[in-house]
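One structure is given here, and the rest of the page talks about it.
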Amino acid sequence: MGASQTRVEHKYQDLADKTGFSLEQINNLHKRFQQLSDNEETISRDNLDSIPALANNPIRKQIIEAFFDKRNQHQDEVGSCDEIGFEQFLMVMSHFRPPTLKTTVEEKEAMRKEKLRFLFNMHDTDNDGTITLVEYRKVVEELLSKSGDIGLEAARAIADATMLEVASTNVPHMGPDDFYEGITFEHFEEILKGLEMETRMHIRFLDVNTATMACGKTTS
């Protein structure tokens, strides 16, 4: 029993250092990964697409794509993968790790920036470093039109109006034309400056509530 535990700790210590997850948390996440992959070494988009809790999510595609986006895997690359292994899966999951009582102010700020970058990448679908009106429209249209209460044209009009409102309210020195050219990550940070998100980004559709993993336990 002791030897087995030692092997597990040795296997996951490097991942713990990279992600900030505890060894027990990593072990729990590995079990969920095995369930999703049917005990294979990698998972594909189809594996995540089959999760029942994602079925009616209006941004299901963006959520799934985020796992295969190399930018979210702490890699110095852009583009996407067809399949990902456990380490890549864990790197993406680390964006959802909440701060603890021992987390320093500097560490909290770094975590917040990582979460913002993750959200920015979900909108910046062409990897060019900006969120264009077209990209922003797509997300808003999917969120609103798929609710069944509003049509596509109305959703598009709301997206356009919202982008202009955000520009004038949060970035007063930026003209509408500049905003339409693309929201940079710096603009994105400014827009969400007042939003507390360090403990709000969770992945419940994986049956893993990262906000309650302080003791390495998951919730179903």
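Quick note: the coordinates plus some simple rules give every number you see, no bench work behind them. Since the model is a prediction, treat every value here as computed from it, not as a measurement. Every residue, glycine as well, gets a Cβ built from its backbone with ideal geometry; the counts of neighbours run over all protein chains shown.
A few comments on the model shown:
- About its Cα centre, the dipole of region 8-54 is roughly 120 debye, where the only charges are +1 on Lys and Arg Cβ and -1 on Asp and Glu Cβ.
- Prolate/oblate/rounded label for region 42-120 (Cα gyration tensor, a/c 1.5): prolate
- Amide hydrogen proximity for Ile183: with H placed 1.01 Å from N in the peptide plane, the residues at 5 or more positions away or on another chain lying under 5 Å are Ile131, Thr132.
- Taking 1.002 mPa s as the viscosity and 20 °C as the temperature, the Stokes-Einstein diffusion coefficient of region 1-138 based on its alpha-carbon Kirkwood radius rounds to 130 µm²/s.
- Proximal charge balance of Asp82 [Cβ under 13 Å; K/R count +1, D/E count -1]: -2
- Under 27 Å from Lys138, Cα to Cα: lysines that are on another chain or at least 8 residues apart: Lys61, Lys70, Lys113, Lys115, Lys146, Lys193
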